[in-house]
1. For the list (1) open to solvent by 30 Å² or more (accessible area, probe 1.4 Å); (2) of a type in the set (A, V, I, L, M); (3) outside any loop (DSSP other than H, G, I, E, B), I need the number of the one condition that I93 fails.
2. When you look at A221, is it surrounded by fewer than 20 Cβ atoms within 10 Å (Cβ to Cβ), modelled with pLDDT of 95 or more and closer than 23 Å to S120 by Cβ, yes or no?
3. Testing S182 on (1) touching a helix residue (DSSP H, G or I) at 6+ places or on another chain (Cβ under 8 Å); (2) surrounded by 15 or more Cβ atoms within 10 Å (Cβ to Cβ); (3) of a type outside the set (D, E), one condition comes back false. Which one is that?
4. Can you work out which of the residues in segment 229-239 that are at pLDDT 95 or above and either outside any loop (DSSP other than H, G, I, E, B) or among the hydrophobic types (A, V, I, L, M, F, W, C) (or both) is farthest from Y21 (Cα to Cα)?
5. With without any contact (Cβ under 8 Å) to a residue 60 or more places away in the chain and open to solvent by 30 Å² or more (accessible area, probe 1.4 Å) as the only criterion, which of K55, K31 stands out?
6. Can you tell me which residue in segment 73-90 is nearest to G188 (Cα to Cα), limited to those that are open to solvent by less than 60 Å² (accessible area, probe 1.4 Å) and either part of a loop (DSSP other than H, G, I, E, B) or among the β-branched types (V, I, T) (or both)?
7. Considering segment 5-40 alone, what residues qualify as being more than 16 Å from L216 (Cα to Cα) and over 15 Å from the mean Cα position of the chain (by Cα)?
Amino acid sequence: MLNGIVVVNKPRGVTSSDCVYKLRKILQIRKIGHAGTLDPEVNGVLPIAIGQATKLIELMHEKPKSYIGSGMFGRSTDSYDLDGKTIAEEKIITPFTKSEIIAGMKQLTGKLEQVPPIYSAVRVNGKRLYEYARENIPVERPKRKVNVYSYELTKDPEYDPLEKTESFDFAIRCFKGTYVRSLVNDLGEKLGVPAVMTSLTRTSSSGYDLNQAVDLETIEAEVDTPEKWLQPIDSFFAELPQLQLSPDQFKRVSNGASINLNTSYAKVALVYNGHIKAIYQRQGKIYRPEMMLLKNE
């Protein structure tokens, strides 16, 4: 059985679930799941865990995500992107300067309260927001706490004198639960004009980036050589200190027993025969199992 993480370069026009379904058919494996949904029209890094790596999915959500994209001042939609219905338009007579846009972006970094788009998968009373939207049922969208590490303007904004709109490119690094669409909409609100996200690419997630991403066609063509596209489980724990186990220690770990280790790290990856077999956490003077990965080969 394969164990590891496939960093899929998701194309636009397909859902994250579509990618999982296709990869399941290609690899003929049932134990599979993705970490961090991408909207259909967003492309880029989609980490998919297979085999023993499915145990990592919750941890994968905890690592930051990075995006590059573009937005436009002068129009807003109910979905905060171009798929939605236009709800406001305003001609931009005097374009914003770089410094004005940057100042607005800085106000949207750090720990924030964010209102998710009505066309999103957030649940309210057991029903997703987009279901309320499709049925035209009013619903109060819950505020959620998010953490935006950085929100930066990546090049000079461009003004269209005919359409009287202004476009801008951005880069964002944020943590789980953040809607980038909302950050574009909120930037418009900070500057007092409608705004809409026009494109978005996720450049990193769960510790992996676009340089490691492959498309599904490549995986299908190279299905017999997984070492070319499969990230090993050990790569996810690259930042953790690793300790080599003796045969006697591994026997205890295999039984889920606590062990004494000659170290003071709060958390360690335990290695045997060249692979991480467990993650142990210090409790007092001994280490106890946090995650078992015995089938990691």
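The values are calculated or read from the model by the stated rules, or taken from the named source; none is laboratory data. Note that the structure is a prediction, hence the values are computed from the model and not measured. Cβ coordinates were reconstructed from backbone atoms using ideal geometry, including for glycine residues, and neighbour counts include every protein chain displayed. Heads up: the accessible areas ignore ligands, DNA and RNA and are worked out on the full protein's heavy atoms, side chains in. Shrake-Rupley method; radii C 1.70, N 1.55, O 1.52, S 1.80 Å.
1. (3)
2. Working: surrounded by fewer than 20 Cβ atoms within 10 Å (Cβ to Cβ): yes; modelled with pLDDT of 95 or more: yes; closer than 23 Å to S120 by Cβ: no.
So A221 fails the test.
3. (1)
4. Taking segment 229-239 and keeping what is at pLDDT 95 or above, we get 229-237.
Subset that is either outside any loop (DSSP other than H, G, I, E, B) or among the hydrophobic types (A, V, I, L, M, F, W, C) (or both): 229-231, 233-237.
Working: W229: 18, L230: 17, Q231: 19, I233: 21, D234: 25, S235: 24, F236: 23, F237: 27 Å.
If we take residues in segment 229-239 being at pLDDT 95 or above and either outside any loop (DSSP other than H, G, I, E, B) or among the hydrophobic types (A, V, I, L, M, F, W, C) (or both), then F237 is farthest from Y21 (Cα to Cα).
5. Among K55, K31, only K31 is without any contact (Cβ under 8 Å) to a residue 60 or more places away in the chain and open to solvent by 30 Å² or more (accessible area, probe 1.4 Å).
6. My answer is G74.
7. Within segment 5-40, R30, K31 qualify.
Results for (1) farther than 28 Å from K10 by Cα; (2) of a type outside the set (V, I, T), shown as yes or no for each residue.
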residue	(1), (2)
N43	no, yes
D78	no, yes
E89	yes, yes
P95	yes, yes
I101	yes, no
L108	no, yes
E113	yes, yes
